[in-house]
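First up is the structure itself, then whatever we jot down about it.
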Amino acid sequence: MKAIFMSASVPIEGRGEYYKTANPFLIQCAVRELVKAVIQHHKIVWGGHPSITPMIWSICEDLNVDYSENVILYQSRHFEDRFPEENERFGNVIFTDDVQGDQNASLLLMRETMLSREDLDAAVFIGGMNGVEDEYELFQRFRPNAIVLPVVAPGGAALLLAEKLGFYETAGLRDIDFASLFHRYLNLALDEHTLDDNSTDSNGMTP
């Protein structure tokens with residue numbers, strides 16, 4: 001089973017300018033549609049975030065999905081006193097160590113552990129703040145030929161990433177029909193094995 005990395009969060013004020021373009025409702029819709037679109041055939045991997053983990057648990061419950069098999073949550077022990085209660089409902093959380101009480105070092109360890117997985121074939125970026133940008137850079141280092149999909153409509157760091165990569169004008173990326181977007185750019189690409197040099201552009205996104 002192929003795995004898809006999801007980098008997502010709901011931007012908040014005081015953490016850069018990301019919140020100015022972010023639409024929390026569309027972020028939630030995009031996360032939900034991503035899970036619905038791929039969960040039956042692919043694993044979803046993400047780093048624990050208090051605005052996303054409860055969302056994933058709720059979606060899995062609604063879909064009656066065996067989240068012990070289909071979703072993989074990474075969590076740094078640096079945030080142990082702030083874990084969402086939903087963490088306890090996932091039986092397959094992968095914990096990484098707190099690095100001497102250093103938040104940045106602890107996050108880096110978690111992200112490197114998570115993104116060095118050999119089964120990751122794609123990454124989807126939704127909303128988010130500087131963590132989305134950091135995770136994109138690491139994902140590119142470990143999986144330079146994988147599919148990368150920044151979701152434009154919900155705004156946030158993913159919007160900036162799409163602009164940076166030149167994806168903003170790509171047909172369909174600005175739509176809010178997330179189900180069609182994920183089917184076109186993820187399921188079809190992964191199912192048809194279009195991850196070779198002839199089918200991907202330099203950024204790893206399939207048209």
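The values are calculated or read from the model by the stated rules, or taken from the named source; none is laboratory data. Keep in mind that this is a model prediction, so the values were computed, not measured. When we count neighbours, we look across all protein chains shown, and the Cβ atoms used for this are built from the backbone with ideal geometry, even at glycine. Just so you know, the surface numbers come from the protein's heavy atoms only, side chains and all, with ligands and any DNA or RNA stripped out. Shrake-Rupley method; radii C 1.70, N 1.55, O 1.52, S 1.80 Å.
Within segment 145-153, identify whether any single residue is assigned to a strand (DSSP E or B), more than 23 Å from Glu17 (Cβ to Cβ) and of a type outside the set (D, E, K, R), and answer yes or no.
yes
How many residues does segment 116-169 hold that are without any contact (Cβ under 8 Å) to a residue 40 or more places away in the chain, open to solvent by less than 20 Å² (accessible area, probe 1.4 Å) and not aliphatic (A, V, I, L, M)?
So the answer is 2.
Among the helices (runs of 4 or more DSSP H) contained in segment 1-80, which hold 2 or more residues that are open to solvent by 80 Å² or more (accessible area, probe 1.4 Å) and under 19 Å from Ala157 (Cβ atoms)? Break it down into steps so the answer makes sense when it comes.
Numbers: elements: 24-38, 53-63, 67-70.
Correct list: 24-38.
Consider Ala30 carefully, then state whether it is in contact with a strand residue (DSSP E or B) (Cβ under 7 Å, 6 or more places away or on another chain), modelled with pLDDT of 85 or more and of a type in the set (A, V, I, L, M, F, W, C). So that I can check it myself, show each step before the final result.
Values: in contact with a strand residue (DSSP E or B) (Cβ under 7 Å, 6 or more places away or on another chain): yes; modelled with pLDDT of 85 or more: yes; of a type in the set (A, V, I, L, M, F, W, C): yes.
Against the criterion (in contact with a strand residue (DSSP E or B) (Cβ under 7 Å, 6 or more places away or on another chain), modelled with pLDDT of 85 or more and of a type in the set (A, V, I, L, M, F, W, C)), Ala30 qualifies.
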